[in-house]
Amino acid sequence: MVIIWGHNLLNFFALNPAAPANRMVLALFNPNVFTVTPQFSIILAYTLVPWLGIMLAGFGAGPLFYKAPAVRKQLFLKIGWAALLLFGLLRFANVYGDPVPWAVQKNAVFTLLSFMNVTKYPPSLLFCCLTLGILFLILSVAEELKGKLVKIIIVYGRVPLFYYLLHWYLLHLIMLAMVFLQGYQWADLQFGVFQFGRPKETSGLGLGAVYLVWLSVVVALYPLCNWYQRYKANHAQNQWLRYL
């Protein structure tokens, strides 16, 4: 909780990134890029300290799931609403909790979008309050939900990192197939730091097609996720599997 509540204090200090000590501090708290060679860089997108706070909070919440269902539901409801209330108060005050303040825009819709536009990289206090607050409200009712769709969703929930790693590579293969189908050749593709094979010229799909690709990837990976969650259940003695 100290990490989640306090890491945004760093936003009030203007650290010179050229100083080696400051660069190390910034690398622990903010996204960073370390250039190893002109063709190879290490990208720290998921900054270590802020995400560690969320992971530790998740481990710490484990004992809540051993409580009686009725007690657990009330706890989750209270935690969820408290987190969302804190989000509303801090976001409205516009002083602390996120490095990007909200501002009145040209109309109410865009003002609301500005209000809800919180920082994920690194996860700000307001991002945590909003997303984890909604999560706890969902958890308060999730156990009462039944049906085939719920069983399917549970499969993905049991193998989150496994799905996450697979979907990156599958999406990249789909992207390469897309640019070839759009008429580009291998020589047109660009590779290197922050270049993932896209040609320099315009390429891509419309928003509707992007959603279709996303849904297709989720469906396509279901058999593998289902196999892996059964494999984990049948090999419970390999405790390291629970992290994948």
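The values are calculated or read from the model by the stated rules, or taken from the named source; none is laboratory data. Keep in mind that this is a model prediction, so the values were computed, not measured. Here Cβ is always computed from backbone atoms with ideal geometry, including for glycine, and neighbour counts include all displayed protein chains. Note: areas computed on protein heavy atoms with side chains; ligands, DNA, RNA excluded. Shrake-Rupley method; radii C 1.70, N 1.55, O 1.52, S 1.80 Å.
In the stretch 63-87, what residues are farther than 23 Å from Leu10 by Cβ and surrounded by 15 or more Cβ atoms within 10 Å (Cβ to Cβ)?
Scanning the stretch 63-87 gives Arg72, Lys73, Leu75, Phe76, Leu77, Ile79, Gly80, Leu84.
When residues of the stretch 61-73 are filtered for being in contact with a helix residue (DSSP H, G or I) (Cβ under 8 Å, 6 or more places away or on another chain) and either in contact (Cβ under 8 Å) with a residue 24 or more places away in the chain or part of a helix (DSSP H, G or I) (or both), how many remain?
The qualifying residues number 4.
Out of the residues in the stretch 104-120 meeting the condition of being of a type in the set (A, V, I, L, M) and within 15 Å of Phe87 (Cα to Cα), tell me which one is least open to solvent (accessible area, probe 1.4 Å).
Ranking the candidates gives Val118 first.
Considering only residues that are surrounded by 10 or more Cβ atoms within 10 Å (Cβ to Cβ), within 16 Å of Leu125 (Cα to Cα) and out of contact with any Phe, Trp or Tyr (no Cβ under 7 Å at 6 or more places or on another chain), which ones fall in the stretch 3-19?
Correct list: Ile3, Ile4, Trp5, Gly6, Leu9, Asn11.
With the condition kept exactly as written, say whether any residue in the stretch 206-222 is modelled with pLDDT of 90 or more, open to solvent by 50 Å² or more (accessible area, probe 1.4 Å) and not in a helix (DSSP H, G or I).
No, every residue in the stretch 206-222 fails to be modelled with pLDDT of 90 or more, open to solvent by 50 Å² or more (accessible area, probe 1.4 Å) and not in a helix (DSSP H, G or I).
Residue by residue through the stretch 89-117, note down the ones that are more than 21 Å from the chain's Cα centre (by Cα), closer than 17 Å to Leu130 by Cβ and not in a loop (DSSP other than H, G, I, E, B).
Once the filter is applied, which keeps residues that are more than 21 Å from the chain's Cα centre (by Cα), closer than 17 Å to Leu130 by Cβ and not in a loop (DSSP other than H, G, I, E, B), the stretch 89-117 yields Leu89, Leu90, Phe92, Ala93, Thr111, Leu112.
Give me a count of the residues in the stretch 174-205 that are open to solvent by 90 Å² or more (accessible area, probe 1.4 Å) and either in contact with a His (Cβ under 8 Å, 6 or more places away or on another chain) or within 29 Å of Leu244 (Cβ to Cβ) (or both).
3
Going by the conditions given, is Leu132 exposed (fewer than 12 other Cβ atoms within 10 Å of the Cβ) and under 18 Å from the mean Cα position of the chain (by Cα)?
Spelling it out, it is not the case that Leu132 is exposed (fewer than 12 other Cβ atoms within 10 Å of the Cβ) and under 18 Å from the mean Cα position of the chain (by Cα).
Looking at (1) open to solvent by 60 Å² or more (accessible area, probe 1.4 Å); (2) in a helix (DSSP H, G or I); (3) modelled with pLDDT under 95; (4) more than 18 Å from Leu137 (Cβ to Cβ), can you tell me which one Asn22 breaks?
For Asn22, the exception is condition (1).
Being over 17 Å from Leu139 (Cβ atoms), in contact with a strand residue (DSSP E or B) (Cβ under 8 Å, 6 or more places away or on another chain) and loosely packed, with under 15 Cβ neighbours inside 10 Å is true for just one of Pro31, Pro101. Which residue is that?
Sole residue among the options that is over 17 Å from Leu139 (Cβ atoms), in contact with a strand residue (DSSP E or B) (Cβ under 8 Å, 6 or more places away or on another chain) and loosely packed, with under 15 Cβ neighbours inside 10 Å: Pro31.
Somewhere in the stretch 189-198, is a residue at pLDDT below 95 and in contact with a Phe, Trp or Tyr (Cβ under 8 Å, 6 or more places away or on another chain)?
So far as the stretch 189-198 goes, yes, one or more of its residues are at pLDDT below 95 and in contact with a Phe, Trp or Tyr (Cβ under 8 Å, 6 or more places away or on another chain).
Out of the residues in the stretch 34-62 meeting the condition of being open to solvent by 80 Å² or more (accessible area, probe 1.4 Å) and more than 24 Å from the chain's Cα centre (by Cα), tell me which one is nearest to Trp5 (Cα to Cα).
Among them, the one singled out is Thr35.
What are the residues in the stretch 121-146 that are over 23 Å from Tyr96 (Cα atoms), at pLDDT 90 or above and among the small types (Gly, Ala, Ser), if any?
Ser140, the sole residue that qualifies.
crowded, with 16+ Cβ neighbours inside 10 Å and in a helix (DSSP H, G or I), is that true of Leu171?
So Leu171 does not fit the description; no.
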